[in-house]
1. Where the centroid of each part is defined by its Cα atoms, how far is the stretch 1-52 from the stretch 133-172 in Å?
2. Students sometimes get this wrong: rank R4, R72 by accessible area, probe 1.4 Å, all chains present, largest first.
3. By how many nm would the segment from A201 to D91 grow when fully extended, if each residue of separation counts as 0.36 nm and the alpha-carbon distance is taken off?
4. Arrange the residues S47, S186 by how much accessible surface each exposes, largest first, with a 1.4 angstrom probe.
5. Hey, can you find the accessible area per residue of the stretch 140-186 for me, probe 1.4 Å, expressed in square angstrom?
6. Go ahead and run the numbers for FRET between R72 and Q12, Cβ-Cβ distance against an R0 of 35 Å, rounding to 0.05.
Amino acid sequence: LLTRHLNRMGEQTMEPTARAVAALFRDHATTDVCNALTTTLLAMCVSETQILKALVPLGASLVAALHVLQGREVGAVFVESVCLELKKCLDGTTNTTWSSATAFDGGKSGADEGGAGDGKGDAAGTSRRAPNLVLLLAGLYNLGVVQCGLVYDLVTILAERLTPLDVELLLLLLSEVGPQLRADDSTALKDIVDMVRKNKAVTEQQDDAAVGKSESATSGGEEEI
């Protein structure tokens, strides 16, 4: 029943869809519906192979509507799951467990894309799961489900690491939330730019130092020969 309602989700049908899903909370335990909604929406919106820029905002809009209609628990459960999954992506330990995930990624689980805990897959930027999760968080922020503090924390994490995937996610996030972030905190974007510049400089210094050590070691070995 829940899946049937979600399959009808669209810009023109968002209100009736949200009210139909909200009605399920009257007949079933809140925790059960929250968990089922989270699992199903993540399976629909978080593709392994492509960024779903049309579908992800609809998912965020539905959660925001239920956040208002049904209460904060809906948004809290969903946001927590999104953050946990994003952390797995950034750590390179993603292992998809969503019940209907295979319907959206061609039958390949997260383990097929590099395995759990091997540091490949998302860490190398080959999976589109992380960008979709970032888009979900951005949509939830723009709709008032999460506060700017969460977005700023995510930006800080990405800016400190600055891997190719982190840079992609950072640009994607700021392109989606920039105007709202500026409205909530006028100094936030300037602080973010300063942070990225500082961390980039530190990374470049570390790389230069590593190259220098490698060249010295090579030169020393040649002299001994």
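1. Here the answer is 23 Å between Cα centres.
2. Result of the area sort, largest leading: R72, R4.
3. Gain on stretching A201 to D91: 37.3 nm.
4. If we order S47, S186 from most to least accessible, we get S186, S47.
5. Computed with neighbouring chains in place, this is 49 Å² per residue.
6. 0.85
The values are calculated or read from the model by the stated rules, or taken from the named source; none is laboratory data. Bear in mind that the values here come from a model prediction, so they are computed numbers and not experimental data. Virtual Cβ from ideal backbone geometry, glycine too; neighbours counted across all protein chains shown. Note: accessible area is taken over every heavy atom of the protein model, side chains too, but ligands, DNA and RNA are not part of it. Shrake-Rupley method; radii C 1.70, N 1.55, O 1.52, S 1.80 Å.
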